[in-house]
Amino acid sequence: MKTAKGSAGIWLTDTAGRTLYLNTKDKGTTSNCYDTCAKKWPPLTTTKPVTVTGKYTVPSNLGTITRTDGAKQVTYGGHPLYYFKGDTAPQQIKGQGVDNTWFLIGPIANIMNGTKP
């Protein structure tokens, strides 16, 4: 993982620059996004160790949880991470503020809920 910088500030992306989001309906490190939700908001999953680079990032914030299907979902600061299907290019933030529950996640694991695209 790394960071991107734009009008919304600095937020987390995957290594290809795809924006990552958190869901404020998730409770702690438990994902509440499955089935139809996960089709629109695919979880960031991994089978390998994950690293984070970029300005202000905190590597110790990285972790994983086990989803009900057995997949390992990446977390940052305890927040399960997701992509937004509507983002079709690197650093797009079309998912920001959707349903007032989906937000960018900053490098210090902060919820970036003040900026909409």
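Please treat every number below as a calculation from the coordinates, not as lab data. The model shown is predicted, which means the values in this text are computed figures rather than measured ones. No Cβ is skipped: glycine too gets one built from the backbone with ideal geometry, and neighbour counts run over all protein chains shown.
Here is how the numbers come out for the structure above:
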read-out: Cβ-based net charge around residue 4, under 11 Å, with every Lys or Arg adding one and every Asp or Glu removing one; value: +3
read-out: Point-charge dipole on Cβ atoms (K/R +1, D/E -1) for the chain, about Cα centre, debye to 20; value: 160
read-out: Spatially proximal lysines relative to residue 72 (Cα-Cα < 22 Å; intrachain offsets below 8 disregarded); value: 2, 25, 27, 39, 40, 48, 85
read-out: Residue-averaged [θ]222 nm for the chain, counting only DSSP H segments that reach four residues, each worth -39500 (n - 2.57); value: -1000 deg cm²/dmol
read-out: Contact order normalised by residue count of the chain, Cα under 8 Å, 6+ apart, percent; value: 33
read-out: Between the range 70-117 and the range 34-50, the Cα center-to-center distance that results, in Å; value: 12
read-out: Counted charge near residue 83, where neighbours are those whose Cβ lies closer than 9 Å (Asp, Glu -1; Lys, Arg +1); value: 0
